[in-house]
Amino acid sequence: MPSSRIKVIFHIGLEKTGTTSFQRFCTRNARRLIKHNVLYPKQSAAFFALNHAPLTASYLHSEGLNDFYFWSTLTSSEMVKSLKREIDASGVEKVIISSEHLSSRFRAPQIAKLAEDFNEYECHVVIALRDHLSRLFSAYATHVMSGSDQTLDKYVEMVLIPDNLYMRYADTIRLWEASFGRDNVIVFDYNEATDVIYSLLSKIGLLHLGNKLTGDHKCNVSLDANATEALRLINTANRGESSYRSKIAYIEFKKLQYARLVLTKVLQAQSNYSHWRLSQPYRKQLLDIAEADALWLANHYSMTVSLIKPESLPESAPEEFQEDVAMLLAKILAQTFCARWSPYRFNMFSRAALFFILEKLRSISRR
């Protein structure tokens, strides 16, 4: 099929809008999609695990060298050639390229280069939006699950600086409109209560495939406030642990990734949907950004839904929060003893947890 007749759909996120669930769905159904003239490219260097993060990373080659979650050994021109060979050989009518990093990492120069590299195809951009506050909390939980020991306030301070577009939806969409054209950008409201896979399929004209493809692919459920804080404290403690640390950076990365995955599952099992607490200045700043985005989207995309949902607003008292976190850490410590984890896991997490339980309980008792 001539390149000009192939429709390439860039699913760019946003992050925390069901992207991993959709990518898992496409990966597992790639062969079935081919039978319906749809390619989810998996054979080129642009694909890894579930998505096309290597393609994104290739445009940011110098920035991702030390980021083991997000890196590429190829230049963007090499990566694009690899991907185009797979696309052109497939003979399909539609191609889905999915990477949430396209929206979170790309700025005007990278977006313009991407549009130029794929200009022989009919390109469309699909972007899902989620209410600002719940997305912020979910993104912070993922940040901690990836190993960060930043507090919520420090994280919010970082994402709300004026030149950071992570929570600025209108500014992000404008960049993609400028390179791909307003008519080729599709925006829709992500709602956790609905099926994001069906929503995405409907937006790219493939809803009829929903019932023909397989499975429940919902994943990446976020930790609640207490569990996230417990994991953050453990991340903080682990930064000072050196006795079990590998001298090879990638091995250390994979070791910590596995250990955090194990602990995250334990914390998720203990989740009681505790509320987040955001300092008032940051809260007001975020609500102002959300209001401006909502007005812009109503004018440009006739989206009338609120981008701040009432259920994402409750706060818990600081004293309650600290006590609950200490109790959660104590429970995890007890489970660690009972499960007889390996010495590595015990030293890395249990001793750290015990130390912070005692510190938190001391601080609570002083009040």
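So, in region 101-129, of the ones that are open to solvent by less than 20 Å² (accessible area, probe 1.4 Å) and part of a loop (DSSP other than H, G, I, E, B), which residue ends up nearest to L33 (Cα to Cα)?
Going through the qualifying residues, I end up with Y121.
Among V159, V144, which is open to solvent by less than 40 Å² (accessible area, probe 1.4 Å) and free of Cβ contacts under 8 Å to residues at least 24 places away in the same chain?
V159
Kindly provide the set of residues from region 208-227 that are open to solvent by less than 30 Å² (accessible area, probe 1.4 Å), modelled with pLDDT of 65 or more and not in a helix (DSSP H, G or I), ordered by number.
G210, L213, L223, D224
Can you pull out every residue in region 1-40 that is buried (at least 22 other Cβ atoms within 10 Å of the Cβ) and free of Cβ contacts under 8 Å to residues at least 60 places away in the same chain?
L39, Y40
Restricted to region 169-193, and to residues that are of a type in the set (D, E) and modelled with pLDDT under 95, which residue is surrounded by the most Cβ atoms within 10 Å (Cβ to Cβ)?
The selected residue is D189.
What residue, among those in region 53-100 that are in contact with a helix residue (DSSP H, G or I) (Cβ under 6 Å, 6 or more places away or on another chain) and of a type in the set (G, A, S), is modelled with the lowest pLDDT?
By that ranking, first place goes to G64.
So in region 228-246, with the set limited to residues that are part of a loop (DSSP other than H, G, I, E, B) and either among the polar types (S, T, N, Q) or modelled with pLDDT of 60 or more (or both), which one is nearest to D153 (Cα to Cα)?
The qualifying residue nearest to D153 (Cα to Cα) is R239.
Anything in region 107-161 that is within 16 Å of K16 (Cβ to Cβ) and among the β-branched types (V, I, T)? List them, or say none.
V126, I127, T142, V144, V156, V159, listed by residue number.
The values are calculated or read from the model by the stated rules, or taken from the named source; none is laboratory data. Fair warning: this is a prediction, and the values are worked out from it, not measured in the lab. Note that each Cβ is placed from the backbone with ideal geometry, even for glycine, and that neighbours are counted across all protein chains shown. Side chains included, ligands, DNA and RNA excluded: accessible areas come from the protein's heavy atoms. Shrake-Rupley method; radii C 1.70, N 1.55, O 1.52, S 1.80 Å.
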